[in-house]
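The values are calculated or read from the model by the stated rules, or taken from the named source; none is laboratory data. Here the structure is a predicted model, which is why all the values come from computation and not from measurement. We place every Cβ from the backbone using ideal geometry, glycine too, and count neighbours over all the protein chains shown.
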Amino acid sequence: MSLIACHECDLIHRVDPVPEGSAAKCSRCGALLYQHKRDSLERTLALTVTGLILFVVANAFPFLGFKLQAQVHETILITGVQELYHQGMWILATVVLLTTIVMPAAQMMGLLYVLIPLRLNRLPWKLKEVFRLIQSLQPWAMMEVFMLGILVSIVKLGKMATIVPGIAAFAFMALIFVLAATMAVLDPHAVWERIKIQESTRGISVGQANLIGCHTCHLLCRSPSHGVYALTCPRCGTHLHRRKPNSIARTWALILAAAIFYVPANVLPITIVTSLGKKQADTIISGVIYFISSGMWPIALVIFVASVFVPLLKLLALSYLSFSVQRKSGWRPVDRTKIYRMAEVVGRWSMVDVYVVTILVAMVNLGALATIEAGPAAVYFCGVVIITMLAAMSFDPRLIWDNCEENHE
Ligand SMILES: [Zn+2]
Ligand SMILES: [Zn+2]
């Protein structure tokens, strides 16, 4: 009999086979425990190969063209990164390069490295390390957010000039769907189960108190506090903790840092437009107002929600969760776990404004006629997004449930 601990509330479940295409959820908090996906590894492999081909096309061919009067300015995917770097915004350039090009590429190459040997019934060298890395990279690969940034930029620039999408833009769009499908089809358990471990090293005892669930591969191991086994998971090698170390203190520190960054991100200019010798600085809010006044209110709504509302909501949600855990609240644990899940999922979409700036900077580069530069707020704003994502990752939702168990006793 095999057991699994819920990664969000630590409740122990027996692993029963589920029918193909369905999923097992935690009976207490509703978290997704495991799924049974048909031919998961074969289908993931096929999609990964398709994704890599599209990725090469998306990077090698012209991406978007910007036509203003007689001038045409063509860009490729990486032009925005280069342009940010030339403007001295190397932090921003690095973040955009990592999240839109390096991480997705590393993820796809890593999957190929893992899946091809598994297909041939062999274990690739360093399988644990590589697959752990692929799983940890996932939140940082943000191509779908970049796609939203492209759409916003096209609408914004459409008023100024003609936008000509290149072949790479279509490849990129297809790539988003292929990547999403890859992640939907991939069943990490199917990979972890290929690593055989001696059952004795896992040391299951029925007493729930000494068990500890692995964050990465969900193997249930004997708790290291009993000193018998090493502090690492015998299957995937992740360091095991009963709870994330210093979770609340870290979360508070990150919330505070993000709140400080939030101020300059909203007060300072995010873009500086130079057109025929005139300079105009825009903040996030003045950008939203511009969209409303020119009748593009759906875009105004996207930017406002992603850049102003979501970061603020996330800071409030995480503060409330940390505060309630410190107060040892036993109030509505299921709802609080839902708040946590929402804060974790929604945060990445705030990157959209950073990408809009990147694309504007790449496209509108026509010398004296019109140039857009990134303003200092872009760096602070990028900081807010990354720090709030780290804050959500450092919060341990199982702490919510610990308090409820204590209260019941
Ligand atoms: Zn649960
Ligand atoms: Zn593990």
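Observations, loosely collected:
- Test: residue in the range 183-201 that is in a helix (DSSP H, G or I), crowded, with 17+ Cβ neighbours inside 10 Å, modelled with pLDDT of 85 or more and of a type in the set (D, E, K, R): no
- Of the numbered criteria (1) surrounded by 22 or more Cβ atoms within 10 Å (Cβ to Cβ); (2) without any contact (Cβ under 8 Å) to a residue 24 or more places away in the chain, the one Phe131 fails is (2).
- Filter result (within 16 Å of ligand 2 (Cβ to nearest atom) and either over 19 Å from Leu3 (Cβ atoms) or in contact with a helix residue (DSSP H, G or I) (Cβ under 9 Å, 6 or more places away or on another chain) (or both)) within the range 26-44: Tyr34
- Close pairs (8 angstrom Cβ cut-off, 6 or more residues apart or separate chains): closer than 20 Å to Val379 by Cβ and outside any strand (DSSP E or B) in the range 271-287, modelled with pLDDT under 90 and among the polar types (S, T, N, Q) anywhere: none
- When each of Ala258, Ala209, Ala253 is tested for being at pLDDT below 85, among the hydrophobic types (A, V, I, L, M, F, W, C) and part of a helix (DSSP H, G or I), the lone residue that passes is Ala209.
- Filter result (touching a residue at least 12 places away in the same chain (Cβ under 8 Å) and not hydroxyl-bearing (Ser, Thr, Tyr)) within the range 289-312: Phe291, Met296, Ile299, Ala300, Val302, Ile303, Phe304, Ala306, Val308, Val310, Pro311, Leu312
- Taken together, Met147, Met108, Met89 contain a single residue that is closer than 30 Å to Glu193 by Cβ, crowded, with 17+ Cβ neighbours inside 10 Å and within 25 Å of the chain's Cα centre (by Cα), which is Met108.
- Only listed residue being in contact with a strand residue (DSSP E or B) (Cβ under 9 Å, 6 or more places away or on another chain) and either of a type in the set (A, V, I, L, M, F, W, C) or in a helix (DSSP H, G or I) (or both), chosen from Leu123, Leu92, Leu97: Leu92
- Search result, residues across the range 3-44 that are closer than 23 Å to Leu211 by Cβ, in contact (Cβ under 8 Å) with a residue 60 or more places away in the chain and more than 14 Å from ligand 1 (Cβ to nearest atom): Gln35
- Checking Val361, Val384 one by one, the residue that is in contact with a strand residue (DSSP E or B) (Cβ under 6 Å, 6 or more places away or on another chain) and surrounded by 24 or more Cβ atoms within 10 Å (Cβ to Cβ) is Val361 and no other.
- Conditions (1) buried (at least 16 other Cβ atoms within 10 Å of the Cβ); (2) in a strand (DSSP E or B); number of the one not met by Lys67: (1)
- Neighbours by Cβ (under 7 Å, 6+ apart or cross-chain): first from the range 68-86, of a type in the set (Ser, Thr, Tyr); second in a loop (DSSP other than H, G, I, E, B): Thr75/Phe63
- When residues of the range 364-378 are limited to those that are crowded, with 21+ Cβ neighbours inside 10 Å and either in a helix (DSSP H, G or I) or within 16 Å of ligand 2 (Cβ to nearest atom) (or both), the one nearest to the chain's Cα centre (by Cα): Ala378
- Positions within the range 314-336 being surrounded by fewer than 16 Cβ atoms within 10 Å (Cβ to Cβ) and part of a helix (DSSP H, G or I), in sequence order: Leu316, Tyr320, Phe323, Gln326, Val334, Asp335
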